[in-house]
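Structure, as structure tokens:
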Amino acid sequence: MSPLTDVKEVVESEIKEWHFHIYFHQRNADEHHAALELRDAVLRLRRDGAFVAVPLFRVNTDPIGPHPVGSYEIWVPSESFVSVYSYLVLNRGDLSVLVHPLTREERKDHEIRHAWLGPSFPLDLSTLPVKVEDVPLQYPSLKLGYSSTAPQLSLEERKRLGANVEEILKREKEAAKAPSN
């Protein structure tokens, strides 16, 4: 299957919400403590405006759903994805983090659309539905992610931006040139 190249299709299929699952061995007191310290740091940084990230109120001290060890979830809208990803890359310590999108295809999100920071863990995908009817909105009151009401760039504005970038990059010998068709 070839990757999408139609700008309209690409824009319409953009992922707007993500989960970061922080994993820890539930019987390892040091890992559990490190995971809770990281969670508190994320909460403080959210409070102080570094990014929008919402850890679920619950910390799972035993396996739950597809997750084989202790874990907790952090919901992140696309507007804060880069900031949270960057923070976790630099501050996760020895903890593993599963990153996956939130779409209608939960099993694919966990099986083939995911990424790991640190060592991966085998997931029990049998607990996940293949497809759900609606995109699983979280925290719509924040008006971020799939619930965003912010104006989006039109396709014409995107095309103008793309043309400007190509023009600027013509002078950069290290930058690959876009195909002419």
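The values are calculated or read from the model by the stated rules, or taken from the named source; none is laboratory data. This one's a predicted model, so the numbers in the text were calculated from it and none came from an experiment. Virtual Cβ from ideal backbone geometry, glycine too; neighbours counted across all protein chains shown. Protein only, heavy atoms only, side chains kept; ligands, DNA and RNA dropped before computing areas. Shrake-Rupley method; radii C 1.70, N 1.55, O 1.52, S 1.80 Å.
Brief remarks on what is shown
- Within region 86-118: backbone nitrogen closer than 16 Å to the Val132 label point (7 Å, Cα to C-beta): 100-111
- Working from label points 7 Å from Cα in the Cα-to-Cβ sense, the Lys159 to Leu125 distance is 3.8 nm.
- Gaussian network model of the chain, springs between alpha carbon atoms under 10 Å - residue of Gly162, Gly65, Gly145 with greatest fluctuation: Gly162
- Counting all C-alpha pairs of region 1-92, share separated by more than 18 Å (%): 52 percent
- With only the Cα atoms considered, region 131-181 has a convex hull volume of 190 Å³ per residue.
- Two numbers describe the Cα atoms of region 73-155: Rg and Dmax, which are 14.5, 42 Å.
- Of all accessible heavy-atom area on the chain, the percent that carbon and sulfur account for (1.4 Å): 54 percent
- Degrees separating the helix 81-91 axis from the principal Cα axis of the chain, which is the longest one: 50 degrees
- Under-5 Å amide H pairs with Ile64, H placed in peptide plane, nonlocal only: Val69
- Once the Cα-Cα distance is subtracted from the 0.36 nm per residue extended length, the Glu166 to Arg113 segment shows a gain of 16.2 nm.
- Ile22, Ile112, Ile168, ranked by accessible area, largest first (probe 1.4 Å): Ile112, Ile168, Ile22
- Of [x] 59, 35, 30; [y] 68, 45, 31; [z] 57, 35, 34, the label for Cα extents along the principal axes in Å derived from the coordinates: [z]
- Solvent-accessible surface (1.4 angstrom probe) belonging to Lys8, in square angstrom, nearest 10: 100 Å²
- Extension reserve of the Val10-Arg58 stretch, reckoned as 0.36 nm per residue once the Cα distance is removed: 13.8 nm
- Between helix 29-47 and the chain: long-axis angle, C-alpha atoms, 0 to 90°, nearest 10: 50 degrees
- List Tyr139, Tyr87, Tyr23, ordered by accessible area with a 1.4 Å probe, largest first: Tyr139, Tyr87, Tyr23
- Helix 155-169 and the longest principal axis of the C-alpha atoms of the chain enclose an angle of approximately 80°.
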